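Notes follow the structure.
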Amino acid sequence: MSPLVEHHYIEKLYKYHCLKCKYLEWTPADIVDEFADLDIYCDEEYDEKQNKNRKGMPVMVCPNCNEDFYYLGEKKEEKHSYLEEDDECIPF
Ligand SMILES: [Zn+2]
């Protein structure tokens, strides 16, 4: 059997909230960054209300009610680890 190797990675999360249904979610930075990229490519313009609420972060869509989903101004990092079989040495 192959030996198990422990891998570590850090996940960055941003706290997002919905002003309408009060839904809260820690959103992985990868997803937020994708939205930020889309904003640049689409040259999307936010309206005045969105710009007031978004704190310089991309506005996403609430998974609960499809309204605007705003950054709440909090972020955190979570450490994760997972075990994976080290099978690089198996000859075929
Ligand atoms: Zn909502």
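Consider ALA29 carefully, then state whether it is away from the ligand (no atom under 11 Å from the Cβ) and out of contact with any strand residue (DSSP E or B) (no Cβ under 9 Å at 6 or more places or on another chain).
For ALA29, the condition - away from the ligand (no atom under 11 Å from the Cβ) and out of contact with any strand residue (DSSP E or B) (no Cβ under 9 Å at 6 or more places or on another chain) - is not met.
For region 19-61, a residue qualifies if it is charged (D, E, K, R) and at pLDDT 95 or above, and the qualifying residues are LYS20, LYS22, GLU25.
Could you look through region 62-80, keep only residues that are loosely packed, with under 10 Cβ neighbours inside 10 Å and modelled with pLDDT of 95 or more, and pick out the one that is farthest from MET1 (Cα to Cα)? Among residues in region 62-80 that are loosely packed, with under 10 Cβ neighbours inside 10 Å and modelled with pLDDT of 95 or more, the one farthest from MET1 (Cα to Cα) is GLU77. TYR9 meets all of the listed conditions (1) within 16 Å of the ligand (Cβ to nearest atom); (2) exposed (fewer than 13 other Cβ atoms within 10 Å of the Cβ); (3) not charged (D, E, K, R) but one, namely (1). The number of residues in region 16-58 being surrounded by 15 or more Cβ atoms within 10 Å (Cβ to Cβ) and of a type in the set (Lys, Arg) comes to 1. In region 10-36, the residues that are over 14 Å from PHE69 (Cα atoms) and in contact (Cβ under 8 Å) with a residue 40 or more places away in the chain reach residues that are away from the ligand (no atom under 16 Å from the Cβ) and in a helix (DSSP H, G or I) with C-beta atoms within less than 6 angstrom, at least six apart or across chains, in these pairs: LYS12/ALA29.
The values are calculated or read from the model by the stated rules, or taken from the named source; none is laboratory data. No experiment lies behind these values; they were computed from the predicted model shown. Positions of Cβ are backbone-derived with ideal geometry, glycine not excepted, and every protein chain shown enters the neighbour counts.
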